[in-house]
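Visitor: First the structure, then my questions, so here it is.
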Amino acid sequence: MSQSSVIVVGAGVAGLCCALELSESGYAVEVVERGRALGDGCCSWMAGGMLAPWCERATTEPAVALRGAPSIDWWVRHFAGTVRQGSLVVAQARDMGELSRFAGRTGNFQWVDGERLAELEPDLAGRYRRALFFPDEGHLDPRRALAALADALRTRSVPIRFGVDFSPARSRHGLIVDCRGLAAGDALSDLRGVRGEMLVIRSRDLEFSRPVRMLHPRIPLYVVPRGAGIFMVGATMIESEARGGPTVRSAVDLLNAAYALHPAFGEAEILEINADVRPAFPDNLPAVRQKDRILYANGLYRHGFLLAPALAREVAERTAELLPSLETIDADLRERRPA
């Protein structure tokens, strides 16, 4: 295994997964991050943390499920807090056609009736006649998962330097893996921002064991449990690179949809309202691109935690192919320098 040095730029989920995969492959790695602390200015901090390749298959390209399904095992190995109890998709009686159409676009699920749904999630008893159960899916708390990855890197003696405004294009380091997300738009002209808005709420009356999605023609919703009655609520996808807090309309839509899922959410306490912008390529699929001695790992869109391990594996494979040639070039340049 090589002990060559690689700099990873960015300490979001893409950067930390790439750094860990590279370190486990035998490379000496260093992570640099312009934020002052883990999660500072990082869209991964606002993520839902659903590991739901088959649910996502209903609205995305097949590649998302193919690349995302193995990531669940990756997270189980690297983060003890990964929960693998499946996920549920429900719809109001008037929207059952939406549920059938959703089922027709995906697979690896079970139709469950109201009785079975009540066994899976007792707090949904009597509210829905049918649901889709995806038993092999999982979820995690993104903030705890990022902290676990950072701890794993420190254990492997991989430094993470915060508050460093590093410019990959100006560096002559051997190999650089650029995981800056939307900030890499200075080098990736087709990268765009997709705004997402979220709520974190706490209910004293509800507890779920797995993510629950509610289909609706206008406001599809997902609710992801964090434990202790805390839930992340999200759904919005806005083609905009505008930062700042969520709009009133989005917040109202999310709250109304949560209330429609279960009226007890009407009494929940709002802990956080936030928004950020996710990087995406035109096909909404992540990619690894090379320019000179830089590998750009980007475009995770709304599938950050689901697809980051697959992106990291591709980076490690490309590094194994690319780094030896860069080392040869650098050695030749050193030999040609005048004494």
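Visitor: Restricting attention to the alpha-carbon atoms of region 198-291, what are Rg (one decimal) and Dmax (integer), both in Å?
Guide: In order Rg, Dmax, the Cα atoms of region 198-291 give 15.1, 53 Å.
Visitor: While we're on this one: Listing 248, 31 from the residue with the fewest other Cβ atoms within 10 Å to the one with the most, what is the order? Mind dumping the intermediate values first?
Guide: Values: 248 8, 31 27.
Ranked by crowding around the Cβ, least crowded first: 248, 31.
Visitor: As a footprinting exposure proxy, order 139, 78 by other Cβ within 10 Å, with the fewest listed first. Before the final figure, lay out each step's value.
Guide: Values: 139 28, 78 18.
In increasing order of surrounding Cβ atoms, one gets 78, 139.
Visitor: Once the convex hull of the C-alpha atoms of region 1-103 is built, how many Å³ does it hold per residue, rounded to a whole number?
Guide: On the way: hull volume 14.5 nm³, N = 103.
Cα convex hull per residue, to the nearest whole number: 141 Å³.
Visitor: Can you give the alpha-carbon Rg of region 192-233 over 2.2 N^0.38 Å, where N counts its residues? The partial results should precede the final answer.
Guide: Values: Rg = 11.9 Å, N = 42, 2.2 N^0.38 = 9.1 Å.
This ratio for region 192-233 stands at 1.31.
Visitor: What number, in nm² with one decimal, is the all-direction average of the projected area of the convex hull of the alpha-carbon atoms of region 103-238? Intermediate results must be reported in sequence, preceding the final value.
Guide: Details: hull surface 51.5 nm².
Computing the convex hull of the Cα atoms and averaging its projections yields 12.9 nm².
Visitor: With springs only between Cα atoms under 10 Å apart, run a GNM on the chain and tell me which of 228, 65, 103 wobbles the most.
Guide: Highest fluctuation among the options: 228.
Visitor: Mind ordering 210-219, 160-169 by average Cβ neighbours within 10 Å, highest first? Before the final figure, lay out the partial values.
Guide: Values: 210-219: 19.8, 160-169: 14.3.
In descending order of packing, they fall as 210-219, 160-169.
Visitor: Moving on. Report, to one decimal in Å, the Kirkwood hydrodynamic radius for region 67-137 based on all distinct Cα pairs. Intermediate values should be presented prior to the final figure.
Guide: Working: mean 1/r = 0.0748 Å⁻¹.
Hydrodynamic radius (Kirkwood, Cα pairs) of region 67-137 is 13.4 Å.
Visitor: Here's a follow-up. Please compute the Kirkwood hydrodynamic radius of region 63-181 from all pairs of different C-alpha atoms, in Å with one decimal.
Guide: Details: mean 1/r = 0.0554 Å⁻¹.
Every distinct Cα pair counted, the radius reaches 18.0 Å.
Visitor: I would also like to ask the following. Which values of log₁₀ I(q)/I(0), to two decimal places, follow from the Debye formula for region 159-243 at q = 0.12, 0.13, 0.23 Å⁻¹ with a uniform point scatterer at every Cα?
Guide: Here the Debye-derived log intensity ratios amount to -0.63, -0.70, -1.09.
Visitor: For region 54-126, give the magnitude of the charge dipole about the Cα centre (Cβ charges: +1 Lys/Arg, -1 Asp/Glu; no others), in debye to the nearest 20. Working shown, then result.
Guide: Values: 8 positive and 10 negative charges, 70 e Å.
It works out to roughly 340 debye.
Visitor: Using the Cα centre as the reference, give the magnitude of the dipole from point charges on the C-beta atoms of the chain (Lys, Arg: +1; Asp, Glu: -1; all else neutral), rounded to the nearest 20 debye. Could the numbers behind the result be given before it?
Guide: Numbers: 41 positive and 42 negative charges, 61 e Å.
The calculation lands at about 300 debye.
Visitor: Provide the net charge surrounding residue 143, with neighbours chosen by a C-beta distance below 14 Å and charges set as Lys +1, Arg +1, Asp -1, Glu -1. The partial results should precede the final answer.
Guide: Values: positive: 144, 226; negative: 40, 141, 151, 272, 276.
With Lys, Arg at +1 and Asp, Glu at -1, the net is -3.
Visitor: Right, another one. Rounded to the nearest angstrom and ordered from largest down, what semi-axes does the equivalent ellipsoid of the chain get from its C-alpha gyration tensor (root of 5λ)?
Guide: Working: eigenvalues 315, 74, 63 Å².
For the chain, the ellipsoid semi-axes come out as 40, 19, 18 Å.
Visitor: Around residue 69, what is the net charge, scoring Lys/Arg as +1 and Asp/Glu as -1 over all other residues with Cβ under 15 Å from its Cβ? It would help to have the intermediate numbers written out before the result.
Guide: On the way: positive: 57, 67, 77, 84, 313; negative: 56, 61, 73, 136, 137.
Charge balance near residue 69 sits at 0.
Visitor: While we're here: Just for the Cα atoms in region 81-122, what are the lengths along the principal axes, largest first, rounded to whole Å?
Guide: Largest first, region 81-122 extends 34, 23, 15 Å along its Cα principal axes.
Visitor: In degrees from 0 to 90, rounded to the nearest 10, what is the angle of the helix 142-155 Cα long axis to the longest principal axis of the chain?
Guide: Approximately 30 degrees, to the nearest ten.
Computed from the coordinates by the stated procedures, all read-outs in this text should not be read as laboratory data. None of the values given here were measured: they were computed from a predicted structure. A quick note on method: Cβ atoms are made from the backbone with ideal geometry, for glycine too, and the neighbour counts reach across all protein chains shown.
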